[in-house]
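What follows is one structure encoded as structure tokens, with my remarks underneath.
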């Protein structure tokens, strides 16, 4: 079971990493458009539509990846103090009440939009000579399917936690700052950090 959960996590992670390159492409596109508009005096009307599509595709396709890393926004004011079994019970109820119906509706509506868009070869009407919309609308049901698959994995994790009382492990991913390697580079141990915190607290109390 754990291998299956990790497999879906890896797929979601790979998709998230792949579509994250759209952010770099979007940066270059915006930079080129600014240069073309203000330096060459040759603006391109279609770039605005393309920017929206690229950002939208990156945002939607990152949904499953973010869920796999437990990175979606959550109200942790009370949730973080709950025991794992209570957390799992709340998550499980919310998945069945809101997540599953919402994502199924997203896939169904997205498929309908994409089908109609392909049938009429739809193009954007926001600007003149707008790019085709059907590739972008096809991303909607695809992103929904991957998000639904990851959601089913999270439901299994909730069931496992209800049985064992411990959250099952997740696939590790890159971090913005590798704290462990940073400690090794500067030769700092956890005990040293604890002593430094204690010294700072004592010093603060002495000043007051």
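The values are calculated or read from the model by the stated rules, or taken from the named source; none is laboratory data. These figures come from a predicted structure and were not determined experimentally. Note that we place each Cβ from the backbone using ideal geometry, even for glycine, and neighbour counts take in every protein chain shown.
Worth pointing out:
Conditions (1) buried (at least 17 other Cβ atoms within 10 Å of the Cβ); (2) not in a helix (DSSP H, G or I), marked per residue:
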{"site": "119", "(1), (2)": "no, no"}
{"site": "126", "(1), (2)": "no, yes"}
{"site": "129", "(1), (2)": "no, yes"}
{"site": "136", "(1), (2)": "yes, no"}
{"site": "139", "(1), (2)": "yes, no"}
{"site": "142", "(1), (2)": "yes, no"}
{"site": "145", "(1), (2)": "no, no"}
{"site": "152", "(1), (2)": "no, no"}
{"site": "158", "(1), (2)": "yes, no"}
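- Applying the set (1) touching a residue at least 12 places away in the same chain (Cβ under 8 Å); (2) surrounded by fewer than 17 Cβ atoms within 10 Å (Cβ to Cβ); (3) touching a helix residue (DSSP H, G or I) at 6+ places or on another chain (Cβ under 8 Å); (4) under 26 Å from residue 172 (Cα atoms) to residue 10 leaves exactly one unmet item: (3).
- Odd one out for residue 97, checked against (1) under 20 Å from residue 157 (Cβ atoms); (2) modelled with pLDDT of 90 or more; (3) surrounded by 13 or more Cβ atoms within 10 Å (Cβ to Cβ): (3)
- Test: residue 104 is at pLDDT 95 or above and surrounded by fewer than 16 Cβ atoms within 10 Å (Cβ to Cβ): yes
- For region 36-51, the count of residues that are within 20 Å of the chain's Cα centre (by Cα), closer than 26 Å to residue 144 by Cβ, without any contact (Cβ under 8 Å) to a residue 60 or more places away in the chain and surrounded by 13 or more Cβ atoms within 10 Å (Cβ to Cβ) is nonzero.
- Listed by first and then second residue, the pairs linking a residue in region 74-96 that is closer than 15 Å to residue 167 by Cβ to a residue that is outside any helix (DSSP H, G or I) and modelled with pLDDT under 95, with Cβ atoms under 7 Å apart and 6 or more places separating them unless they lie on different chains, are 84/165; 84/166; 84/167; 85/165.
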